[in-house]
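Taking it in order: structure first as structure tokens, then the write-up.
The numbers here are math on the coordinates, done by the rules we state, and not lab data. Just so it is clear, the model here is predicted, and its values are computed rather than measured. Virtual Cβ from ideal backbone geometry, glycine too; neighbours counted across all protein chains shown.
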Amino acid sequence: MAATATVAFATPAFAGAPGPYVGVEGGITLPQNSDLDVILNNTTTYDNGYKVDYKDGYDVDAIAGYKIGPVRIEAEGAYKRAKVKSLSVSTPLITDVGTAADTTATAADFSVGNHIGITSLMANALLDGDFGGG
């Protein structure tokens with residue numbers, strides 16, 4: 001799965017007073033390119049059999065929590081999505097798949113779809129502090 005760095009352009013959930021709160025965040029996700037190893041028929045391994053490059057994507061999060069004194073307990077659900085910019089398949093993998101299938105294989109036979117999507121759920125426990133300075 002692609003590692004993802006996220007740049008958030010959002011206002012944090014406001015949890016000034018004790019009690020429940022909700023928040024919504026959104027941002028840009030900057031997925032890392034992926035080099036994927038492929039194992040064919042549980043016998044042959046192709047290091048970097050696939051290389052996938054992604055475009056920048058988006059990230060949307062929903063937060064619900066409860067503040068008790070300086071402690072906040074919250075749940076966060078998020079969805080990240082980015083389009084596939086390019087996909088390349090190693091030549092040895094293409095050749096061996098074609099041989100195993102008794103046909104001529106091409107890179108077009110190795111489609112991975114046009115995007116990657118990641119859904120995540122997370123629970124957080126946060127400690128708020130007043131560090132002065134206004």
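Once label points are set 7 Å from the Cα along Cα→Cβ at both ASN33 and TYR58, what is their separation, rounded to one decimal in nm? The modelled label-to-label distance comes out at 2.7 nm.
The trypsin sites (Lys or Arg not before Pro) of the range 47-131 that meet both conditions, a loop assignment by DSSP and at most 13 other Cβ atoms within 10 Å of the site Cβ, are LYS55. Shape of the chain from the C-alpha gyration tensor: prolate (a/c of 1.5 or more and a/b above b/c, with a ≥ b ≥ c the square roots of its eigenvalues). For the range 10-109, chymotrypsin sites (Phe, Trp or Tyr not before Pro) are listed when DSSP marks them as loop and at most 11 other Cβ atoms sit within 10 Å of their Cβ; the list is PHE14.
When the helices in the chain are scored as -39500 (n - 2.57) per DSSP H run of 4 or longer and the sum is shared across all residues, what 222 nm value do you end up with, to the nearest 500 deg cm²/dmol?
When only DSSP H runs of four or more count, the value is -2000 deg cm²/dmol.
With R₀ fixed at 41 Å, the C-beta to C-beta distance from SER88 to LEU126 puts the FRET efficiency at about 0.45. Amide hydrogen proximity for ALA105: with H placed 1.01 Å from N in the peptide plane, the residues at 5 or more positions away or on another chain lying under 5 Å are GLY98. Note on VAL24/THR44: beta-carbon distance plugged into 1/(1 + (r/R0)^6) with R0 of 41 Å gives a FRET efficiency of 0.30. The long axis of helix 91-100 is offset from the longest Cα principal axis of the chain by roughly 60 degrees. All other residues whose Cβ lies under 14 angstrom from that of GLY49 are scored, Lys and Arg at +1 and Asp and Glu at -1, for a net of -4. Springs join every pair of Cα atoms under 10 Å in this Gaussian network model of the chain, and among VAL60, VAL97, VAL52 the largest mean-square fluctuation is at VAL97.
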